[in-house]
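Student: One structure, as structure tokens, below. Some questions next.
Here, each number is a calculation from the coordinates, and none is a lab measurement. On a predicted model such as this, the values are computed, not experimentally measured, just so you know. For neighbour counting, all protein chains shown are included, and Cβ atoms are generated from backbone atoms with ideal geometry for every residue, glycine included.
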């Protein structure tokens, strides 16, 4: 911050110069005016002396005129080049008062509206923290400086969870979820923190949060893990196994938490069998595979180029606008028959099989942009489980 305050001080000196320089110039002008006034007084005194000598008969009229002319020339020579007198309507105290008040007022306004705290935070985050407590203090200050930052609230909530402060974490996740549009991941984190803050007691609030998260994203990992924990604690071992198996499907093969999760499933299985129960077979995972034939309307074939991109994709009728499965071809490939399935998912959590109804879209884009083009063809809503081949014709302007 030292270089910042040095720069601010330099700018302040520049600003003060605009106020003080006119005052110094006014003093110089005042000295010039004082000297001119003295010369005029001397001239008047010389003329009075000449008039006295004329009255006594020492000087005649010609000598009197000559002396007066000489005195006038001397006065003109002394005052030549002097600036005209200026009248100040502000007075001397006002510029000096402004010179004092401007820095004080500027400093006050900066401390109130400025971003000195954010500048300091940026400098602090440029250096690695020495402890978890220091990281927590930095995040708390960052949240105080930017209370509308969902990202800052999220990281502070994660830090509180690592420090076994679930009640504080729940408050941070709640604020972050409300700011970020109640995203499933944030809802899951909020529910988990609230569960531990309530002493591992399930509540309607936690149930509502996990339901909302899984409705938006059926594979939200935190909610699945939490529901498994709650089911295990409530001795509902089959539910715990089901939730944890769903979670296990989402984890990468090299994820370190897979081993702990598999251990939890094994313990739930042992307790279920010990109580006389039997583990139900996991249902076969749903899959979706749509077969669609795409062609270009005959009246458009002269309006496109063979190298123009063609995007064929399926998107949810009720759900996120992002494509669930997509393929990219060119006009030269048409007509063509393609298959869109879960293997073509753009994101693992957005698969065709996760949505009951989808729409097929084929778009010609000369610029190679999947979201905008020149011509498009769309199907009506159809079930994602449809097995009958579909036909799609690109025949309409893309609007």
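Student: First measure r as the distance between the Cβ atoms of residue 371 and residue 270, then evaluate 1/(1 + (r/R0)^6) with R0 = 51 Å and state the FRET efficiency to the nearest 0.05.
Tutor: On the way: r = 51 Å, r/R0 = 1.01.
Step by step, r from the Cβ atoms, then E = 0.50.
Student: How many nm separate the modelled label positions at residue 133 and residue 359, each set 7 Å beyond the Cα in the direction of the Cβ?
Tutor: Taking the two extended label points, one gets 5.8 nm.
Student: Rounded to whole Å and sorted largest first, list the principal axis extents of the Cα atoms in segment 160-274.
Tutor: Here the Cα extents, ordered largest to smallest, are 44, 29, 28 Å.
Student: Say R0 is 51 Å: what FRET efficiency, to the nearest 0.05, do residue 343 and residue 144 get from their beta-carbon distance? Kindly include the intermediate steps, with their values, before the conclusion.
Tutor: Details: r = 47 Å, r/R0 = 0.92.
So, using R0 = 51 Å, E works out to roughly 0.60.
Student: Set the Förster radius R0 to 41 Å, insert the Cβ-Cβ distance between residue 396 and residue 287 as r into 1/(1 + (r/R0)^6), and round the FRET efficiency to 0.05.
Tutor: Numbers: r = 31 Å, r/R0 = 0.76.
Plugging the Cβ-Cβ distance into 1/(1 + (r/R0)^6) gives 0.85.
Student: For the pair residue 257/residue 204, report the inter-label distance in nm, with labels modelled 7 Å from Cα in the Cβ direction.
Tutor: According to this spin-label approximation, the distance is 3.0 nm.
Student: Here's a follow-up. Zone of residue 235 (label point 7 Å along Cα→Cβ, backbone N under 16 Å): which residues in segment 262-282?
Tutor: Within reach of a label on residue 235, which here means backbone N under 16 Å from a point 7 Å along Cα→Cβ, segment 262-282 contributes 268-278.
Student: Order the peptides 169-180, 149-160 from the highest to the lowest mean number of other Cβ atoms within 10 Å of their residues.
Tutor: Numbers: 169-180: 22.0, 149-160: 20.3.
Order by mean packing, descending: 169-180, 149-160.
Student: Please report the relative contact order for segment 289-397, taking Cα pairs under 8 Å with a sequence separation of at least 6, and give it as a percent rounded to a whole number.
Tutor: Across segment 289-397, relative contact order equals 35 percent.
Student: Mind ranking 273-279, 223-229, 359-365, 312-318 by how tightly packed they are, going by the mean number of other C-beta atoms within 10 angstrom, highest first? It would help to have the intermediate numbers written out before the result.
Tutor: On the way: 273-279: 10.1, 223-229: 24.4, 359-365: 21.1, 312-318: 19.1.
In descending order of packing, they fall as 223-229, 359-365, 312-318, 273-279.
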